[in-house]
Amino acid sequence: MGSVARRDVYTAQSLLEVAVGVFNERGYDGTSMEHLSRAAGISKSSIYHHVPSKEELLRRAVAHALDGLFAVLDEPAAGEGRAVARLERVVRRTAEVLMERLPYVTLLLRVRGNTDTERWALVRRREFDQRVAELVRAAVAEGDLRPEVDPRLATRLLFGMINSIVEWYRPHPGEPVVSGDVVEAVISTAFDGLRQPAVSGSAP
C-alpha cells in the first residue's frame with residue numbers, strides 16, 4: 001500500500017520536473033531510470049506508470065520548451081507592423097520564455113542529436129531560427145536594420161546572446177521568474193548595434 005500511495009503523490013508533470021532537473025545535472029545520456037527513480041523517491045515501476053520510457057520524458061520536456069518558443073511567433077504582435085518592431089517583440093518574448101521555462105529551455109539547448117527525439121528537437125530549433133532570420137531579412141529590406149547585416153549571422157548572434165542566459169541566470173528565492181532588467185539589456189545590446197543609424201537632416 002505504501003508504494004502505491006507514494007506513486008500517487010506524483011503526477012506526470014511533477015515527475016517531468018524531477019526528470020528535467022536530473023537530465024540537466026547528469027546529461028540525458030548519463031541518466032538512467034535508476035537515477036530518476038532515486039531522485040523522485042519512487043520505484044522504476046511507478047515511473048513507468050506515468051511514462052513508457054526515459055526518452056518520452058525527454059520528448060515532453062523539449063516539447064514544452066519548443067511550444068513556448070513557437071507560441072511567441074504566433075502572437076499578434078509578432079505578425080503586425082514593420083519587421084523591425086516584430087523582430088524586437090520576438091527577441092523580447094523569447095528571452096522571457098527562456099527565463100519562464102529555464103530548466104526546459106536549458107535542456108533543449110543541450111540536446112546533441114543522439115536520439116530520435118533529439119534530432120526532432122534540433123529540426124524544430126532550426127525552423128524557429130529560420131523564421132526569425134526571415135524577420136531580420138525583412139527588416140533589412142525595409143531599411144530599419146543596417147544593410148550589411150547578414151540575416152543568418154545576425155540571428156545566430158541574437159540567439160547566442162539570449163541562449164547564454166541559461167548559463168548564468170538564477171532568480172533569487174521570491175524574485176519574479178522574469179527579470180525585466182535582463183530583457184531590456186538584451187534588447188538594447190542587440191538592437192543598438194543592428195539598427196540603421198538615423199539620418200541627420202540636411203544643412204539648410
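The values are calculated or read from the model by the stated rules, or taken from the named source; none is laboratory data. Note that the structure is predicted; figures quoted are calculated from it, not measured. Cβ sites come from the backbone with ideal geometry, for glycine too, and all protein chains shown count toward neighbours.
Below, the figures for the structure above:
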{"quantity": "Glu134 more than 12 Å from the chain's Cα centre (by Cα), free of Cβ contacts under 8 Å to residues at least 40 places away in the same chain and closer than 30 Å to Glu56 by Cβ", "calculated": "no"}
{"quantity": "Filter result for Ala121 (of a type outside the set (Phe, Trp, Tyr), in contact (Cβ under 8 Å) with a residue 24 or more places away in the chain and not assigned by TED's automatic domain parsing to the domain that holds Glu17)", "calculated": "yes"}
{"quantity": "Test result for Val84, assigned to a helix (DSSP H, G or I) and under 23 Å from Glu167 (Cα atoms)", "calculated": "no"}
{"quantity": "Near pairs, Cβ below 8 angstrom, 6+ apart or cross-chain, from segment 30-46 (assigned to a helix (DSSP H, G or I) and surrounded by 15 or more Cβ atoms within 10 Å (Cβ to Cβ)) to any residue that is among the polar types (S, T, N, Q) and modelled with pLDDT under 90", "calculated": "Ser46/Ser3"}
{"quantity": "Residue that is surrounded by the most Cβ atoms within 10 Å (Cβ to Cβ), among those in segment 95-131 that are under 15 Å from Leu58 (Cβ atoms) and of a type in the set (Phe, Trp, Tyr)", "calculated": "Tyr104"}
{"quantity": "Residue in segment 145-168 that is modelled with the lowest pLDDT, counting only those that are crowded, with 17+ Cβ neighbours inside 10 Å and over 28 Å from Leu107 (Cβ atoms)", "calculated": "Val149"}
{"quantity": "Test result for Arg93, in the same structural domain as Asp129 (by TED's automatic domain parsing) and outside any helix (DSSP H, G or I)", "calculated": "no"}
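For (1) more than 15 Å from Ala19 (Cβ to Cβ); (2) among the polar types (S, T, N, Q); (3) touching a Gly at 6+ places or on another chain (Cβ under 7 Å), each residue gets a yes or a no:
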site	(1), (2), (3)
Pro52	no, no, no
His64	no, no, no
Met99	yes, no, no
Pro103	no, no, yes
